[in-house]
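Participant: Sending over a structure as structure tokens; questions will come in a sec.
Every number in this text was worked out from the coordinates using simple rules, so none of it is lab data. Being a predicted model, the structure only gives us computed values, none of them experimental. Please note: Cβ atoms are built from the backbone with ideal geometry, for glycine as well, and neighbour counts cover all protein chains shown.
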Amino acid sequence: MEDLPDSFESTDNLAAAVASLDIPSYLQRDVDALLESAFLSLRSDVARDPRSPGYDMSLPPANHREAMLRSDVEEW
């Protein structure tokens, strides 16, 4: 095992490394990334203008133009 880091040279160390992984946390990051991607890819047939009265800032922007017009543009 010449190309592996020292910590992976023995089966015991490999088992310990695998056991130390926080699998639920790792999988939750995948779910969070998928949800964020889904929200950002939503499209709307209705053009919404963030500068108009009654615009709902709790909804994610429907497209890039809308995101760039919002007051929280830094988040998008």
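Participant: Based on the mean of other beta carbon atoms within 10 Å per residue, what is the order of 56-69, 13-26, most packed first? Display every interim value, and only then the final one.
Facilitator: On the way: 56-69: 13.1, 13-26: 9.6.
Taking the mean over residues of other Cβ atoms within 10 Å, the ranking is 56-69, 13-26.
Participant: Please compute the net charge surrounding Trp76, taking Lys and Arg as +1 and Asp and Glu as -1 over other residues with Cβ under 14 Å from its Cβ. Could the numbers behind the result be given before it?
Facilitator: Numbers: positive: Arg48, Arg65, Arg70; negative: Glu36, Glu66, Asp72, Glu74, Glu75.
Around Trp76, the charge tally is -2.
Participant: Just subtract the alpha-carbon distance of Asp72 and Ala33 from 0.36 nm times their residue separation and send over the number in nm, one decimal. Working shown, then result.
Facilitator: Details: separation 39, 0.36 × 39 = 14.04 nm, distance 1.99 nm.
Between Asp72 and Ala33, full extension yields an extra 12.1 nm.
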